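*Asks:* Let me give you the structure first, and then I'll get to my questions.
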Amino acid sequence: MTTFPLLAVLLPTLAAAAGLLLSRWPHNRTPAQEQSPPPTAKARLAAAEKATGERANTRAAWIAILPTAASAVLALWLAWGPGFAYLEADTASEPVGRTYGTIVTGGIPISLTLQADDLSAVLGVLVTLVALAVQVYSVGYLKDDPRYPSYSAFISLFTSAMLLVVYAGDLLVLYVGWEIMGLCSYLLIGHWWEDRGNSRAAVKAFLVTRLGDVGFLFGIFVLGTSAGSFRIADVLARVPEMSAATLTTATMLLLCGVAGKSAQVPLHTWLPDAMAGPTPISALIHAATMVAAGIFIVARLFPAFLHARPTLDVLAVVAAIGMLGAALAAFAQDDLKRVLAYSTVSQLAYMAGGLAAGSDRAAIFHLLTHGAFKALLFLCAGAVIHHVGSNLMTQMGGLRRELPVTFVTMTVGFAALMGIPPASGFFSKDGILSAMDGALAGGGLTDAAALLLYGCALATVAVTGAYATRAWLRTFFGTPRVVALPEPEPGTAHVVDVTEAPRTMLVPIMLLAVPALLLGFAGQPHVDLSVAAISVVLALLGAGVVYAVWRGDPVADPARLLGPLRVPCERAFYVDGLYAALIVRPIMALAGLVVRTDDVVVDGAVRGSGRTARGLSGWLRLTQNGNVQLYVSGVLAGVLLIAVGAVMLT
């Protein structure tokens, strides 16, 4: 059992390698491919290539799904007991794992340790089960995609990297998985790179998260240097011996990486644009796993953050601004996936707020329930988009009869998002709000930070109810949007596909609906009745107002409730424009100045020296024209000058 963490990490890694190398093996070329076939043979060749592609996709699917399923079994085994006990009590069990060697660096050594403790065990279950659901779902969603083998291999590599982050016992080993996740995110967001918008979204996600990772790496260095070890257990054991200045510096730097990976203010702008990638990737990376890594890191090193009170105040302010601002932005979006993207930013800010309020268990509990219901919502959105052929809610409506399974499961997801009992989000959100209420009464936060955090959290509950209800109504109710079909040939009837998504897409959706509905009952939840009542009333109030406005005019968008704030909310308060004005355009101007300086000064000097040499050579060339008389005259003139000089000097 001590090798289970290693096996859980290695199996998806091997699946990624096999998927990239073996999916299309053997690479046989037929004689028909080596010559230009006649028109009658082109159809047969196209059919053969299609069949080959289908076989490669099927092989890639099995290569990806089976190892991920095995990792999920190992993760469940590791979590059976200690992982679920983490949610129930403050007790800690002995970690399971081992050290596989030490890398000598000439300074602080790097310990190659993989282990599963209470926290990592329960997170491993979330990662593997969501990854498995996404792999199965993708079989139907990307059935005819020619690059499906590389897509499934990158998902396997991402799963392995996230498990490395979860099970790592050394901060630098954790950082390796942290960076591989960023690379996989870039590759998967830009899967459809032919569209320039998709490739730009991938580059933006890569650069913004790398910016935060610079601070994250230096935070690791500060902690490791102060503790004399990068082992997480050693670092946490020496936290009481570290000075407040050291801990504040280290945790502030770590927050840079947390803000980047978990899309928190001010490094949140990459996540909505990342919706350009395939919808299953949104469910895996941008709802349940990679964006949760930042929250996991704070919980993993929580004793260090508790001893750095200024960092908790900063985290509280960032969380307060992020949760309410992102919820308002979600309310104004027309793209269903962008609604869920801003919702993810808002819910992650809830978790950050729970950590700032001093309750790591409440934050992790909400991370687990959010991973279940947000992955469910994204996969349901993918089924809707697969059916409609558009991301925009203006082209949806009345789908509850055509997509009954998707309607029921997405309703469960929205109920969990709003925090309506008995859905899982009700219990986990109640734990976070109770922690914030306790911090307001007296905790580690300053009074102003605690008041701002709790006030924004309650306001966000109402806005969450509003935007979730708006998305639900505009997608499944109202008048169905009629899509004009081309006129068929005479004697041929229109054929309209009103069936739901393939079974490979529906089964993961139905399975995820179970934890989205019932996971809140895990860990013996303790509900604060007064806080829970306020939360439910606010959520229903937001939902009720939106329903009343929609009922009055089902065609109009309930987002008009925002009034003059609608456009700023739709554009996410112009943060991207502000960054473009303050950072992008000045850097581009500076880059242009560097280019011009290089062209005019550096290259100009090189080109000038070349022109000078060519000019001088032109003058010298005049004396080398092959005229013997000119050469003799020159020699005589030289002799004459020497003779005259000798006479004059003597």
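*Asks:* Give me the accessible area per residue for segment 524-600, probe 1.4 Å, as a whole number in Å².
*Replies:* Result: 67 Å² of accessible area for each residue.
*Asks:* Return a single number: how many Lys pairs in the chain, at a sequence separation of 8 or more or on separate chains, have alpha-carbon atoms below 13 angstrom apart.
*Replies:* 4
*Asks:* Same structure again: Suppose every K and R has +1 on its Cβ and every D and E has -1 on its Cβ; what is the size of the dipole of the chain about the Cα centre, in Debye to the nearest 20?
*Replies:* 1500 debye
*Asks:* Each label point is 7 Å from the Cα along the Cα-to-Cβ direction; what then is the distance between the points at I642 and V595, in nm?
*Replies:* For the pair I642/V595, the computed spacing is 5.9 nm.
*Asks:* Note the full-extension length gain between A441 and L529 as 0.36 nm times their separation in residues minus their Cα-Cα distance, in nm to one decimal.
*Replies:* 30.0 nm
*Asks:* Report the equivalent ellipsoid semi-axes for the chain in whole Å, largest first, defined as the square roots of five times the eigenvalues of the gyration tensor built from alpha carbon atoms.
*Replies:* 53, 36, 29
*Asks:* At a 1.4 Å probe radius, carbon and sulfur cover how many percent of the accessible area of segment 601-642?
*Replies:* About 71 percent, which is the carbon plus sulfur part of the accessible surface.
*Asks:* So, one more: With each label point set 7 Å from Cα along the Cα-Cβ vector, what nm distance links R210 and Y579?
*Replies:* If labels sit at R210 and Y579, their model points lie 1.4 nm apart.
*Asks:* What's the longest bit of the chain with no exposed trypsin sites (Lys or Arg not before Pro), using DSSP loop states and at most 11 other Cβ atoms within 10 Å as the test?
*Replies:* The segment 30-400 is the longest one with no such site.
*Asks:* Quick one: pull the percent of accessible area on segment 184-280 belonging to carbon and sulfur, 1.4 Å probe, ligands and nucleic acids left out.
*Replies:* The nonpolar share, carbon plus sulfur, comes to 67 percent.
*Asks:* Which distance in nm do the two modelled labels at W193 and S243 give, with both placed 7 Å along the Cα-to-Cβ direction?
*Replies:* Spacing of the two 7 Å Cα→Cβ label points: 4.8 nm.
*Asks:* Now for a different question. Could you calculate the contour length gain from T225 to S609, that is, 0.36 nm times the residue separation minus the distance between their Cα atoms, to one decimal place in nm?
*Replies:* 133.0 nm
The values are calculated or read from the model by the stated rules, or taken from the named source; none is laboratory data. Predicted model, so just to flag it, every value in this text is computed and none were measured. Don't worry about glycine lacking a Cβ; one is built from the backbone with ideal geometry, like all the others, and counts go over all protein chains shown. These accessible areas exclude ligands, DNA and RNA; they are computed on the full protein's heavy atoms, side chains included. Shrake-Rupley method; radii C 1.70, N 1.55, O 1.52, S 1.80 Å.
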